[in-house]
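Accompanying notes for the structure given below.
Values quoted throughout were computed directly from the atomic coordinates according to the rules given, and no laboratory measurement underlies them. Quick caveat: nothing in here was measured; it's all calculated off a predicted structure. Cβ sites come from the backbone with ideal geometry, for glycine too, and all protein chains shown count toward neighbours.
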Amino acid sequence: MTIFGDAYIFTWDFFLALFNAVTPNLKEGHVVPEGHPGAGGKWPEYVPPGEGDSRSACPMLNALANHGILPHDGKNIPFSTLADTVHSTYNFAPSFCYFAPYYIANFLKKDYSKDTVDLAEISAHNGIEHDASLTREDTFHEPDQGKPHVPYIEELLSMASGKDPKIKADDPKEVLLTLDDIARYSAKRRTEAKERNPDSSGFLRIFGGRVSDLRPFLIEERIPQGWESSVRARKGMTLAKFNFTVLPLEFRTKKYMKELAKKDK
Ligand code: HEM
């Protein structure tokens, strides 16, 4: 996703980032606001998608539909509903939650405030969706971008090399996927697909963490009971913060891509 658009979104985002900088984080266990699905770590029942249900290239949006937080069929969703549910579930800032659906609405030549969207439409190729994703095969090989590609996900998770300092170091379940792990896998995927796809791996970096959480999220597109977003800033993850997070990831991915290119010579 290239970041451009109306200056007011970025001004709004700047003030939200400033607010985050001067206010204390939300308390652990209180990230999802009271009264919203997932408050206190209690997620509505998970029902995998059935025949005819619409799903996207985004594991986190699909998870919302699989838990009925978005309509389970994934169809006719107002753009503003998409924004509201992403905000309350994942604690992304209102500016971010407006920008991504607004960008998709424009790409699809739809009206953000009047029209609706099916999740599959969000995967429109070269909108936000690009080749060289970490959880999907390239569009040429798999036109249905709603399906996770399990071998890629397993390969990515097998690269996890971090240890969670809060958890017993010798528990093999509690390995962490680090920025470096994501960069290494991203370099491999980009080299294979000959494609530049910086931002979706950025999503993973932000979300990144315990493999025991990531596996259900990425493979079943299911939110584990008790889970809450690691983004604890009061106004959520801003566009500004997201971009700052993507930069070091991009830097390392390029470094690994150069190494791979040297090996090929
Ligand atoms: C309304 C907001 C959002 C929209 C419109 C959106 C859309 C997308 C799209 C189109 C892709 C496919 C990109 C690709 O081809 O690699 C994607 C991937 C992804 N998104 Fe989202 N997304 C949104 C919010 C989120 C949030 C809040 C998270 C994290 C909590 C997230 C995590 C991911 C992940 C992990 C991927 C997979 C990346 C990959 O396979 O390489 N997304 N998203």
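The longest stretch of the chain left intact once loop-based GluC sites (Glu not before Pro) with at most 16 other Cβ atoms within 10 Å are removed from consideration, loops following DSSP, is 52-194. Other residues lying with their Cβ under 10 Å from the Cβ of D13 contribute a combined charge of +2, Lys and Arg counting +1, Asp and Glu -1. Near A93, the amide H atoms lying under 5 Å from its own belong to M237, T238; only residues 5 or more places off or on other chains count, and H is placed 1.01 Å from N. Within straight cross-link reach of K110, meaning Cα distance under 17 Å, which lysines are found once same-chain residues fewer than 8 apart are removed? Output for K110: K75. Screening the chain for DSSP H helices whose Cα atoms reach 18 Å or more along their own axis and whose mean Kyte hydropathy is at least -1.0 gives 7-22, 94-107, 239-264.
When each of R234, R136 is scored by the number of other beta-carbon atoms lying within 10 Å, the sequence from fewest to most is R234, R136. Distance between the C-alpha centers of the stretch 122-161 and the stretch 214-257? Whole Å please. When both Cα centres are located, 16 Å separates them.
Annotation: the residues H125, H72, sorted from fewest to most other C-beta atoms within 10 Å of their own C-beta, follow the order H125, H72. Model label points for L18 and D6, set 7 angstrom from Cα along the Cα-to-Cβ axis, are 2.0 nm apart.
Rounded, prolate or oblate: which one fits the chain, using the alpha carbon gyration tensor with axes a ≥ b ≥ c (rounded when a/c is under 1.5, else prolate when a/b beats b/c, else oblate)? Kindly include the intermediate steps, with their values, before the conclusion.
Values: a/c = 1.25, a/b = 1.14, b/c = 1.10.
Rounded is the answer for the chain, as its axis ratio a/c remains below 1.5.
Under 20 Å of direct C-alpha separation, and excluding same-chain neighbours fewer than eight residues apart, K254 reaches these lysines: K188, K194, K262, K263, K265.
The local environment of E142, defined by Cβ-Cβ distances under 12 Å, has a net charge of -3 under the rule Lys, Arg +1 and Asp, Glu -1. Dividing the summed -39500 (n - 2.57) terms of all DSSP H runs of n ≥ 4 by the residue count of the chain sets its mean residue ellipticity at 222 nm at -13500 deg cm²/dmol. Within the stretch 1-82, the trypsin sites (Lys or Arg not before Pro) that combine a DSSP coil assignment with at most 10 other C-beta atoms in a 10 angstrom radius are K27, K42.
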